[in-house]
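Participant: Quick one: structure below, then a few questions.
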Amino acid sequence: AQSVTQLGSHVSVSEGALVLLRCNYSSSVPPYLFWYVQYPNQGLQLLLKYTTGATLVKGINGFEAEFKKSETSFHLTKPSAHMSDAAEYFCAVSEGRGNDYKLSFGAGTTVTVRA
Amino acid sequence: DAGVIQSPRHEVTEMGQEVTLRCKPISGHDYLFWYRQTMMRGLELLIYFNNNVPIDDSGMPEDRFSAKMPNASFSTLKIQPSEPRDSAVYFCASSALRGDTQYFGPGTRLTVL
């Protein structure tokens, strides 16, 4: 079984500052890893994902994440926060093409951006 | 392309009433998932289907909840009878590949009075 831990339920950053959201996972098989964003009153939208290959993954809206197997981490970063980045962010893991179809989601991190 | 479609977007009902939530997955997606999101419990997976067959319903909270997928383009989640603690946002998601990206609908906000 796989699981995800997101460190910090709330993160507050200044506009233009670095955004760093932390995610650690556990999985018994090579994982697929995902970051989703949820804006108020909307569904979850994929930001980026890692399946295989290059460990630094670039996504939409200037976000990127790096898969570090040795640290079992998949932290999300954005060099310069924008007001529109205020949202809730979810890290998720799956067993890829293993027997378990589902994604396991973290508890979420709410990002607020200060002007 | 149309994404995942859910209806209704908002539902307000009284305790004891039957509630039916509907979902149309993205065409060609063989996997369909139902989630519930609340402030207290976060995002919970209720049930998922592969090729219209329920694979895992261990997340369904109790017998008052049931889900069906009669064909590849339609699924329902039914609550009978509804209770105030069922108030939540219910999401449907679909996926083309096992364990890969899930595409979420806009959700149904359910309020049980």
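The values are calculated or read from the model by the stated rules, or taken from the named source; none is laboratory data. Here the structure is a predicted model, which is why all the values come from computation and not from measurement. Using ideal geometry, Cβ is built from the backbone for each residue, glycine included, and neighbour counts are taken over all protein chains shown.
Participant: Of everything in the range A:77-115 that's in contact (Cβ under 8 Å) with a residue 40 or more places away in the chain and of a type in the set (D, E, K, R), which residue is farthest from the other protein chains (Cβ to nearest Cβ)?
Facilitator: Checking each candidate, the answer is A:R114.
Participant: Then there is this: Tally the residues that are more than 7 Å from chain A (Cβ to nearest Cβ) and either more than 14 Å from B:Y90 (Cα to Cα) or assigned to a strand (DSSP E or B) (or both), restricting the search to the range B:41-52.
Facilitator: Of the residues in that region, 6 qualify.
Participant: Quick one: would you say A:N41 is under 30 Å from B:I5 (Cα atoms) and surrounded by fewer than 19 Cβ atoms within 10 Å (Cβ to Cβ)?
Facilitator: Considered against the rule, which asks whether it is under 30 Å from B:I5 (Cα atoms) and surrounded by fewer than 19 Cβ atoms within 10 Å (Cβ to Cβ), A:N41 comes out as yes.
Participant: Could you grab me the full set of residues in the range B:11-40 that are within 14 Å of another protein chain (Cβ to nearest Cβ) and among the acidic types (D, E)?
Facilitator: Correct list: B:D30 only.
Participant: Take B:S75 and tell me if it is in a strand (DSSP E or B) and buried (at least 18 other Cβ atoms within 10 Å of the Cβ).
Facilitator: So B:S75 fits the description; yes.
Participant: For A:F74, are the conditions met, namely being touching a residue at least 12 places away in the same chain (Cβ under 8 Å), within 8 Å of chain B (Cβ to nearest Cβ) and surrounded by 21 or more Cβ atoms within 10 Å (Cβ to Cβ)?
Facilitator: no
Participant: Residues to consider are B:R64, B:R36, B:R9; find the one that is in contact (Cβ under 8 Å) with a residue 12 or more places away in the chain and crowded, with 16+ Cβ neighbours inside 10 Å.
Facilitator: When all the criteria are applied, what remains is B:R36.
Participant: Hey, any hits in the range A:3-14 for a residue that's more than 14 Å from A:D85 (Cα to Cα) and crowded, with 17+ Cβ neighbours inside 10 Å?
Facilitator: yes
Participant: Kindly establish whether B:S58 is touching a residue at least 60 places away in the same chain (Cβ under 8 Å) and small (G, A, S).
Facilitator: No.
Participant: Could you list all residues from the range B:76-113 that are under 10 Å from the mean Cα position of the chain (by Cα), more than 14 Å from chain A (Cβ to nearest Cβ) and either without any contact (Cβ under 8 Å) to a residue 24 or more places away in the chain or closer than 23 Å to A:Q38 by Cα (or both)?
Facilitator: B:L77
Participant: Could we say that B:L32 is touching a strand residue (DSSP E or B) at 6+ places or on another chain (Cβ under 8 Å), modelled with pLDDT under 95 and within 21 Å of B:R64 (Cβ to Cβ) here?
Facilitator: Considered against the rule, which asks whether it is touching a strand residue (DSSP E or B) at 6+ places or on another chain (Cβ under 8 Å), modelled with pLDDT under 95 and within 21 Å of B:R64 (Cβ to Cβ), B:L32 comes out as no.
Participant: Being modelled with pLDDT under 95 and either surrounded by fewer than 17 Cβ atoms within 10 Å (Cβ to Cβ) or under 14 Å from the mean Cα position of the chain (by Cα) (or both): is that true of B:I47 here?
Facilitator: Considered against the rule, which asks whether it is modelled with pLDDT under 95 and either surrounded by fewer than 17 Cβ atoms within 10 Å (Cβ to Cβ) or under 14 Å from the mean Cα position of the chain (by Cα) (or both), B:I47 comes out as no.
Participant: Just to be sure, is A:Y50 farther than 20 Å from B:G99 by Cα, surrounded by 12 or more Cβ atoms within 10 Å (Cβ to Cβ), within 13 Å of chain B (Cβ to nearest Cβ) and not small (G, A, S)?
Facilitator: Judged against the criteria, A:Y50 is not a match.
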